[in-house]
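Since the structure comes first, as structure tokens, the remarks are kept for the end.
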Amino acid sequence: MAPVKLTSKTGFCFGVRRAVTMAEAALDKKKPICSLGSIIHNRQVVEELSRKGLKVIRDVRALKGNMVVISSHGISPKVARSILDKGVKIVDTTCPFVLNAQKITRRLSEGGYKVLIVGDARHPEVRALVDFAPGNAIVVKNKEDVKALKLSHNDRVGIISQTTQSTSNFLDVVKEISAYKPKELRVINTICNDAEERQGAAREIAKVVDLMLVVGGKDSANTKRLFEVCKAISNNTHLIETEKQLKNEWFRSGKVVGITSGASTPDWIIKKIVDKIKQKGVV
Ligand code: F3S
């Protein structure tokens, strides 16, 4: 039987738990309801909520009914306005840490700063953040992206981060920007504690196991980050969504298996994976 070590942080983070609880509470009162995009980045949980009556739509134009759930990643002010203009009530599950990043983005932009957002430009959280600094936001993924920017010494720059970025990537970008010596530089670390603690806990376990499993949705930004963090330590790291993706060749008798999970992975998926490894020894 392969011994299994779970990191000290697995399962839902505070923001995801809150979003799922709010969606379920709304469904208790009324169903079906639409959700604008997936409320969290975990296919299995979204499917479960869909069975309970939460129907995912991708565009406000597809909205039906007088209530919509918006995701833990938040939405742009423009989209919120277009929903409210239709007289539709919003069940806002935006994580409070994301709301904080939105407020800071708006404040920096209104204060005349060029807002640099460290993150993935295609992620819904970042797409919404950009709209909190209309015409004033630039998204950079890493320090390489900074090299392509045309910054001037007269710029006043404010740097914030997508909440689930890694601290080291954020600091690399900050260092790169400082080298340009902008007229003024404000750095506000909006990385969520949960993401940092999860990465730290995963790093510790990845160092001492033979095989590292990162459990989470393929679209989940914090899961991808965790995977990168673990892969940098152990090449024998795999990203899986469910127990069905466990592969026999990953296991040899006596191997120690480490498990971490993204913030939108429910405990029941992790339990199924642990049970499968423990029961069968090998898959
Ligand atoms: Fe919020 Fe952090 Fe989770 S930003 S959704 S508590 S990973």
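Label separation (TYR180 vs SER50): 4.2 nm, computed from points 7 Å beyond Cα along the C-beta direction. On the basis of the beta-carbon distance and an R0 of 25 Å, LYS271 and ILE90 show a calculated FRET efficiency of 0.15. Would you please state the base-10 log of I(q)/I(0) at q = 0.12, 0.13, 0.17, 0.21 1/Å for the stretch 102-179, with intensities from the Debye formula using one equal scatterer on every alpha carbon? Scattering profile of the stretch 102-179, log10 relative to I(0): -0.28, -0.33, -0.58, -0.91. What FRET efficiency comes out for the pair ASP28/LYS247, r = Cβ-Cβ distance, R0 = 51 Å, nearest 0.05? The value I calculate is 0.80. Calculated from the alpha-carbon coordinates, the stretch 36-161 shows an Rg and a Dmax of 16.5, 55 Å respectively.
Amide H to amide H under 5 Å from ARG186: which residues, 5+ apart in sequence or cross-chain, H placed 1.01 Å off N in plane? Under 5 Å from the amide H of ARG186: VAL157, GLY158, ILE159.
Each stretch of four or more DSSP H residues adds -39500 (n - 2.57); spread over every residue of the chain, this sum gives -13000 deg cm²/dmol at 222 nm. Under a cut-off of 23 Å between alpha-carbon atoms, report the lysines in cross-link reach of LYS147, not counting same-chain residues fewer than 8 places apart. Answer for LYS147, where 23 Å is the Cα cut-off: LYS114, LYS175, LYS181, LYS183, listed by chain and number.
Only Lys, Arg, Asp and Glu carry charge here, each on its Cβ (+1 for the first two, -1 for the last two); on that basis the chain has a dipole of about 440 debye about its Cα centre.
LYS231 to ARG17: extension gain in nm, 0.36 nm per residue of separation minus the Cα-Cα distance? Here the segment from LYS231 to ARG17 would lengthen by 74.3 nm. Look at the Cα gyration tensor of the stretch 199-276: its axes a ≥ b ≥ c give a/c of at least 1.5 with a/b at or below b/c, and that counts as oblate. Take every pair of alpha-carbon atoms less than 8 Å apart whose residues are at least six positions apart; their mean separation over the length of the stretch 134-283 yields a relative contact order of 21 percent. Straight-distance candidates among the lysines for linking to LYS272, with alpha-carbon spacing under 20 Å and chain neighbours fewer than 8 residues away dropped: LYS5, LYS9, LYS218, LYS244, LYS247, LYS255, LYS280. With the simple spin-label model, which puts each label point 7 Å out from Cα in the Cβ direction, the ARG43 to LYS78 separation comes to 3.1 nm.
Taking label positions 7 Å along the Cα-Cβ direction at both LYS207 and LYS255, the computed distance is 2.3 nm, reported to one decimal. With 5 Å bins from zero, work out the P(r) of the chain over every alpha carbon pair and list the percent per bin. All Cα pairs considered, the percentages come to 1, 6, 12, 15, 15, 14, 13, 11, 8, 4, 2, 1, 0. Taking each residue as 0.36 nm, the span from ALA148 to LEU63 lengthens on full extension beyond its C-alpha to C-alpha distance by 26.7 nm.
Ranked highest first by average number of other Cβ atoms within 10 Å, how do 210-221, 104-115, 86-97 line up?
By packing density, highest mean first, the sequence is 210-221, 104-115, 86-97.
Under 27 Å of direct C-alpha separation, and excluding same-chain neighbours fewer than eight residues apart, LYS29 reaches these lysines: LYS52, LYS55, LYS64, LYS86, LYS89.
All of the numbers you see were taken from the coordinates with simple rules; none came from a lab. Because the structure is predicted, anything quoted here is derived from the model rather than measured. Every residue, glycine among them, receives a Cβ derived from its backbone with ideal geometry; neighbour counts consider all protein chains shown.
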